[in-house]
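Report on the following structure.
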Amino acid sequence: MSEPFEWDEATWRGRVNQVRAGRNLLPAKWPGGARCAVALSFDSDHETNELRDGGLSPARLSWGEFGARRGIPRIRKVLDRHGVKASFFVPAVSALLHPEEQKSLAGDGHEIALHGWIHERNTDVPPEKERELMLRAADTLETVTGTRPVGMRTPSWDYSGATLRIARELGLLYDSSLFADDDPYEILDHGSATGIVELPVEWIRDDAVYFMMNRFGAQRPYTPPTDVLDIFRREFDGAHEEGGLFLLTMHPHITGYRSRIFILDELLAHIAEKGDCWIATHAEIARYCAEQAGLKG
């Protein structure tokens, strides 16, 4: 394999064009005359962060268990208080460990979406194994909740060379793993339109980068919760000013603590004060954008 500086134009263009942002899907107007759309997502990794690394630590497994025992109930309490629905991206193993959680969330009108099998690093597994895991995960979530998932977020927000092909085979409505815009766009596959809506993520709008802790490495929480709230609020205010999409990612085992859950509560209060925001699940937002754009899968 040649070094990147030796690649010809066809090679580097081919790498860039493998998965690319197509047309902007920001609708001319949001439902009900809303100024902007708000998509709240919670990655319910639970014990899979330890399991996917082959870890055997009961302590780290208990950290994931906290997300199910305490984080999810606190998050649901806040969502219920504000009367909003959210999307929960759930590794299939998390769903099997906590099936009643998924059934209850789905029964309350929240969305359960794909997040891998065991939160595997999908770029580290062979393409056919990635396909088998993703299809098995979709079948598992459907069995647990009674509803086939229509969207995915790849574990660790990464794409292999096979990921988009697998998403297309599954007939997914949307993905939420890529970064090419603030607002929804159509994913291109080697320059061809796919009909899949991308709801872009960003590490700035994710609680993990501010609060994660690894006592055996250099990873340490460094941002006060009040500063994280300020960052999220400014991101929302920018989306509101532009009439775009505000998409937030949180984790039950990270935000679900007594000293942090106020971030979600106060942010939702701030959004409610605007009085002109459409808070919906990722599936609802993606479906609306696709319909407004006349997308064909």
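The values are calculated or read from the model by the stated rules, or taken from the named source; none is laboratory data. Not measured: the values here are computed from a predicted model. Positions of Cβ are generated from backbone atoms using ideal geometry, with glycine treated the same way; all protein chains shown enter the neighbour counts. Heavy atoms of the whole protein, side chains included, go into the accessibility calculation; ligands, DNA and RNA do not. Shrake-Rupley method; radii C 1.70, N 1.55, O 1.52, S 1.80 Å.
When you check ASP158 against the structure, is it touching a helix residue (DSSP H, G or I) at 6+ places or on another chain (Cβ under 7 Å), under 27 Å from GLY238 (Cα atoms) and open to solvent by 60 Å² or more (accessible area, probe 1.4 Å), yes or no? It would help to see each step written out before you state the result.
On the way: touching a helix residue (DSSP H, G or I) at 6+ places or on another chain (Cβ under 7 Å): yes; under 27 Å from GLY238 (Cα atoms): yes; open to solvent by 60 Å² or more (accessible area, probe 1.4 Å): yes.
The answer is yes for ASP158.
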Notebook entry, point to check: Which pairs have Cβ atoms under 9 Å, sit 6 or more apart or on different chains, and link a residue in region 125-138 that is within 13 Å of ALA167 (Cα to Cα) and of a type outside the set (Phe, Trp, Tyr) to one that is open to solvent by 80 Å² or more (accessible area, probe 1.4 Å) and part of a loop (DSSP other than H, G, I, E, B)?
Noted result: ALA138/ARG148
Note to self: Restricting to region 164-211, name every residue that is farther than 16 Å from PHE89 by Cα, hydroxyl-bearing (Ser, Thr, Tyr) and in contact (Cβ under 8 Å) with a residue 60 or more places away in the chain.
What the structure shows: TYR185, THR194
Check: Restricting attention to region 19-39, which residues are assigned to a loop (DSSP other than H, G, I, E, B) and surrounded by fewer than 15 Cβ atoms within 10 Å (Cβ to Cβ)?
Finding: ALA28, LYS29
Note to self: Suppose we keep only residues that are open to solvent by 40 Å² or more (accessible area, probe 1.4 Å) and assigned to a loop (DSSP other than H, G, I, E, B) within region 265-296. Which one would you say is modelled with the lowest pLDDT?
What the structure shows: LYS296
Next item on the list: Within region 190-214, track down each residue that is of a type in the set (S, T, N, Q) and open to solvent by 10 Å² or more (accessible area, probe 1.4 Å).
Entry: SER192, ASN214
